[in-house]
Amino acid sequence: MARLPVLLIALFFFSAASVDRCRVEASFWDSTYFTWGTQHASVYNNGNDAQLVLDKISGSAFQTKSAYLFGTIEMLIKLVPGNSAGTVTAYYLSSTGPEHDEIDFEFLGNVSGQPYIIHTNIFTQGIGNREQQFYPWFDPTDNFHNYTIHWNPTEVVWYVDSIPIRVFRNYESQGVGYPNQQGMRVYSSLWNADDWATRGGLVKTDWSCAPFVAQFRNFQDRACKWYGPGSIWQCAAETAENWYTSPAYGQLSNAQQGQMSWVRDNYMIYDYCKDTTRFNWNMPPECSKPQY
């Protein structure tokens, strides 16, 4: 595996320390509730930790009580260890309805010794098909790692341990949909998807390895709460309270662009913008525009 340059490591620790000073901790008890598989899920450690469980009977899931429009959502996650083939741990933002917006992290399990796949996608007004996939540069099952979605009127950024791996910029003025009109809740689930998750469904879930457990810690929601369509102006306004509208968050810094290039050069395994066969050379319009 490629090594992260020493300079980027230093920048990572600096940026992580900066983020720490701004975090707003949100108890799972106060901020979320289980939506299905309640008997397979639990909250513990004074509300700071949660776990989801999957067995042959049921998976489990939770979602936030609040919806958000712009800001930063982050979670520490420790994925299912061992033979996790067929399982998916999902962590995403979504509105509701057929024309919903959605910003996804999905973690596709694999047989023991093989890497997980970090699957990302974004939907705008019900239209998705914008998948990008990565191998992690670490074992995501041996410890907790930070997965962050930063979302403002200018761009959506996916971060792993404070390192950006993907950007989706706002090109709405050029005919590209952008998620800026609908509040989205945070969802997480652990479920069986062995019809597609591992090698396109060729490797099935080994239920002798159940129960499968994913752990979550330190949910953070530095984001503008959504109270209906009237929140659009409030959350998008360029004010000091809406810190994410500052020019500093409008584009990745040169150092962050270097970090993202390193990830994409060494660990990206699928990019819809390069899949000409899938789109019969009629590529989505954002693929021809600067990505960051």
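The values are calculated or read from the model by the stated rules, or taken from the named source; none is laboratory data. As the structure is a computational prediction, the values presented were derived from the model and not from experiment. Cβ coordinates were reconstructed from backbone atoms using ideal geometry, including for glycine residues, and neighbour counts include every protein chain displayed.
The table below lists the values:
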read-out: Near pairs, Cβ below 6 angstrom, 6+ apart or cross-chain, from the range 187-205 (free of Cβ contacts under 8 Å to residues at least 40 places away in the same chain) to any residue that is not in a helix (DSSP H, G or I); value: G201/D195
read-out: Matching residues in the range 142-160 - criterion: being part of a loop (DSSP other than H, G, I, E, B) and crowded, with 19+ Cβ neighbours inside 10 Å; value: N152, P153
read-out: Of all residues in the range 195-209 being crowded, with 20+ Cβ neighbours inside 10 Å and not aliphatic (A, V, I, L, M), the one that is modelled with the lowest pLDDT; value: T198
read-out: Tally, over the range 266-291, of residues that are surrounded by 14 or more Cβ atoms within 10 Å (Cβ to Cβ) and part of a helix (DSSP H, G or I); value: 6
read-out: Residue in the range 210-221 that is surrounded by 15 or more Cβ atoms within 10 Å (Cβ to Cβ), aliphatic (A, V, I, L, M) and closer than 22 Å to I122 by Cα present; value: no
read-out: Qualifying strands (runs of 3 or more DSSP E) (wholly inside the range 41-129; at least 2 residues being on the phi > 0 side of the Ramachandran plot); value: 60-78
read-out: Selection within the range 130-141 - surrounded by 20 or more Cβ atoms within 10 Å (Cβ to Cβ) and not in a loop (DSSP other than H, G, I, E, B); value: Q132, F134
read-out: Qualifying position, being under 20 Å from the mean Cα position of the chain (by Cα) and over 27 Å from L79 (Cβ atoms), among C235, C287, C224; value: C224
read-out: Subset of the range 206-246 that is in contact (Cβ under 8 Å) with a residue 60 or more places away in the chain and among the polar types (S, T, N, Q) - its residue that is farthest from Q39 (Cα to Cα); value: T245
read-out: Where a residue in the range 82-93 is farther than 11 Å from N110 by Cβ and its partner, wherever it lies, is crowded, with 21+ Cβ neighbours inside 10 Å and of a type in the set (D, E, K, R), with Cβ under 9 Å and at least six apart; value: L93/D101
read-out: Some residue of the range 248-265 being modelled with pLDDT under 95 and exposed (fewer than 14 other Cβ atoms within 10 Å of the Cβ); value: yes
